[in-house]
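Worksheet: one structure, shown below.
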Amino acid sequence: NESGHLALKSEPQPVDSSLLSGTSQCRTPAKPGTALTFDLTTQINAVFDAAAVGLVVTDSSGSVLAINRTASRIFGVGAEELRGHSIRSLLPGLRAGEVAGHLAQLAATGGPGGCAAMRESTGRRWDQSVFPIELAVTAATIEAGTTYTATVTDITGWKRIDEERHGY
């Protein structure tokens, strides 16, 4: 949607099914004798934005649908500016003309149990400077098709420490 949050469709459901299906209404005990009602869609958007790692969600062609605050800070660009651009603008290692296939390949080469495998790569900030990142890509199939989520961590500081320790 316009705010850069994931657009989730939800309908109120009983507690058990809402926890499993991702629908909107949940009741969680706040303290004995009380209950806290919250909107699961709002909670998911809050978790997405508060994640300690950068998250970039694309459609199957690699067009950016949403980024979280951490990704915005890492890449130096807002969600509004980036929406609709190719993820290649942030991840120059993706092969030109093969973004969709490369995203699918990265997602398919996950680790044990379907977990995304982190790999070292290169990111590009909006100002065109490049920097080292750890990258994992996962795929999700939804009604509208396949989306990919790139999990990004800026490892510039780690690389600097490693270089100082080993005198590279």
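The values are calculated or read from the model by the stated rules, or taken from the named source; none is laboratory data. What you see is a predicted model, and the numbers here were worked out from it, not measured in a lab. Here Cβ is always computed from backbone atoms with ideal geometry, including for glycine, and neighbour counts include all displayed protein chains. Only protein heavy atoms, including side chains, enter the accessible area calculation; ligands, DNA and RNA are left aside. Shrake-Rupley method; radii C 1.70, N 1.55, O 1.52, S 1.80 Å.
Structural remarks
- If you go through the stretch 127-146 and keep only what is open to solvent by 80 Å² or more (accessible area, probe 1.4 Å) and within 22 Å of GLY76 (Cβ to Cβ), you end up with ASP127, GLN128, VAL130.
- Pairs meeting the criteria (first residue in the stretch 139-155 and under 22 Å from ASP49 (Cβ atoms) and of a type in the set (D, E, K, R), second residue in a strand (DSSP E or B) and open to solvent by 30 Å² or more (accessible area, probe 1.4 Å), beta carbons under 8 Å, at least 6 apart or on different chains) are ASP154/PRO132.
- Residue match in the stretch 128-145 (condition: among the hydroxyl-bearing types (Ser, Thr, Tyr) and modelled with pLDDT under 90): yes
- Every condition in (1) modelled with pLDDT of 85 or more; (2) in a loop (DSSP other than H, G, I, E, B); (3) open to solvent by 40 Å² or more (accessible area, probe 1.4 Å) is met by LEU65 except one, and the failing one is (2).
- Hey, GLY123 modelled with pLDDT of 75 or more, small (Gly, Ala, Ser) and either exposed (fewer than 14 other Cβ atoms within 10 Å of the Cβ) or not in a helix (DSSP H, G or I) (or both) or not: yes
- LEU90 vs. criteria modelled with pLDDT of 75 or more and under 17 Å from LEU55 (Cα atoms): yes
- THR149 vs. criteria in contact with a Leu (Cβ under 7 Å, 6 or more places away or on another chain), at pLDDT 85 or above, at negative phi and surrounded by 16 or more Cβ atoms within 10 Å (Cβ to Cβ): yes
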